[in-house]
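Step one of this worksheet: look at the structure below.
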Amino acid sequence: MSLAGQVAVVTGASSGLGWALAQALATEGCKVGLVARRRERLVELAGQIEKSGGTTVFAAADVTERPQVIAAIYDIAARLGPVDLLIANAGVGAPTTVDPFNVSDIEKMFRVNVLGVIYSLEAVLPQMLQRRRGHLAAISSLAAYKGLPGESAYTASKAAVNVFLEGLRIQLRSKGIAVTTICPGFVQTPMTEVNEFKMPWLLTAEEAARRIVRALKHKRKVYNFPWQTALLMKLTRWAPDWLLERMMRTYNENPPFPKTPL
Ligand SMILES: NC(=O)c1ccc[n+]([C@@H]2O[C@H](COP(=O)([O-])OP(=O)(O)OC[C@H]3O[C@@H](n4cnc5c(N)ncnc54)[C@H](OP(=O)(O)O)[C@@H]3O)[C@@H](O)[C@H]2O)c1
C-alpha cells in the first residue's frame, strides 16, 4: 500500500486541495508532478517540496487546452518517469443563475471540471495500458449526488465525472489500472472562502489531503467524505423540492461568486 517511489501527477496543484495533496504525496515519498496555470505558484510549491527533501517538477498548463495539458504531463513523465498515479484535481465552481442565465460560466465549469479531467487522463492512459499498471483518480465532489438549486452546473459537472469514472473503472479493471473517484464535502480553500454560510463539517485542505492519500493507498473505488456530509447529501436526495427551494432561497438571493471570474 506504500506510495513511496511512485510518480504522481496532480493537476490544479497551485492552490487549495491540489497544493495540499502534492505536499502529502511528496511526504509519502512520491515523485510529484505539478500542473496548473499559475506558474509562480507552482515555483513556490516546488521550492517548498524540495526544501523538505522531496522530488518534484512542474509544468504550467491550462487543462481546458488539450494539447497543452498533454504536453505538460508528457514533459513531467520525461523528467520523472512514467506516471503511476494521476490525480485530476483542477476544478472551478460558480453559482448557476437564471436571470441572467450565465451560460459562459456554465460552459467554463464543464470545460474545466469534465473535459479537463478527460484530457488529463488521455495524457497518461496509453502508457498505463502499455505497462498494465497505474492509478487514475479525480477529485469530484459530494455535490455530484444531487442537483442543487443555484448549483446546477457545478453539481452536473461533478455528476458527469462520477459516471464517467465509474464506466472507466469497470472497463479498466482487467487491465491492471485502478480508478478512484474522490468526493469531498466542504474543504477550506480559496474556492470556498467566498461562502458566507456556515459550511458543515468543514475540513482543512491538509486533513482532506491526508484522508484522500489514505483512500488512494487502499485503491478505493469511490471515496465519499466526511461521512456526516455524505449522509446529509444522501438524505437530500429524498428531500422534497419545496423544502430544498426554501432552504436555499437565501443562498440564491445573493449567491457567492468566486473573487476572480471564471
Ligand atoms: N473546496 C471544497 O470544498 C471542495 C469540495 C469538493 C470538491 N472540491 C473540488 O476540489 C478540487 C480543488 O478545488 P479547491 O477547493 O482546492 O479550489 P481552488 O483552491 O480554487 O483550486 C483550484 C485549482 O484548480 C486549478 N485550475 C482551475 N482552472 C484550471 C485550468 N483551466 N487549468 C489548470 N488548472 C486549473 C487552479 O490553478 P490555476 O488557477 O493556477 O490554474 C487551482 O490550482 C476542485 O475540483 C473542486 O471542485 C472542492
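List of remarks:
- Cα-based reach from Lys175 at 17 Å (exclusive), listing lysines while leaving out same-chain residues under 8 positions away: Lys219, Lys221
- Magnitude of the charge dipole, the chain, Cβ model with Lys/Arg +1 and Asp/Glu -1, debye to 20: 1060 debye
- With the helix formula -39500 (n - 2.57) applied to DSSP H stretches of n ≥ 4, the chain reaches a computed 222 nm mean residue ellipticity of -14000 deg cm²/dmol.
- Gaussian network model of the chain, springs between alpha carbon atoms under 10 Å - residue of Pro190, Pro100, Pro200 with greatest fluctuation: Pro100
- Here the Gaussian network model covers the chain, with springs between Cα atoms less than 10 Å apart; of Tyr251, Tyr119, Tyr154, Tyr251 fluctuates the most.
- Radius 14 Å from Cβ of Thr64, net charge of other residues (Lys, Arg +1; Asp, Glu -1): -1
- Charge tally in the Cβ shell below 14 Å around Val187, where Lys, Arg are +1 and Asp, Glu are -1, Val187 excluded: 0
- Measuring between their Cα centroids, the stretch 1-73 and the stretch 149-197 lie 19 Å from each other.
- Cβ charges +1 (Lys, Arg) and -1 (Asp, Glu), total dipole of the stretch 134-262, debye: 780 debye
- Cα-based shape type of the stretch 209-262, given that a ≥ b ≥ c are square roots of the gyration tensor eigenvalues and the cut on a/c is 1.5: oblate
- Kyte-Doolittle mean at least 0.5 and Cα axial length at least 20 Å: DSSP H helices in the chain: 66-80, 116-131, 152-172
- With semi-axes defined as the square roots of five times the eigenvalues of the C-alpha gyration tensor, the equivalent ellipsoid of the stretch 7-253 measures 30, 19, 18 Å, largest first.
- Accessible area (Å², per residue) of the chain, counting only protein heavy atoms and a probe of 1.4 Å: 50 Å²
- Straight-distance candidates among the lysines for linking to Lys108, with alpha-carbon spacing under 21 Å and chain neighbours fewer than 8 residues away dropped: Lys146, Lys158, Lys259.
- Other residues whose C-beta falls under 12 angstrom from the C-beta of Leu129 contribute a net charge of +3, scoring Lys and Arg +1 and Asp and Glu -1.
- Ligands, DNA and RNA left out, the accessible area of the stretch 1-160 computed with a 1.4 Å probe is 53% carbon and sulfur.
- GNM on the chain, alpha-carbon springs under 10 angstrom: the most fluctuating residue among Ser141, Ser174, Ser157 is Ser174.
The values are calculated or read from the model by the stated rules, or taken from the named source; none is laboratory data. What you see is a predicted model; the values in this text were computed from it and never measured. A quick note on method: Cβ atoms are made from the backbone with ideal geometry, for glycine too, and the neighbour counts reach across all protein chains shown. Heavy atoms of the whole protein, side chains included, go into the accessibility calculation; ligands, DNA and RNA do not. Shrake-Rupley method; radii C 1.70, N 1.55, O 1.52, S 1.80 Å.
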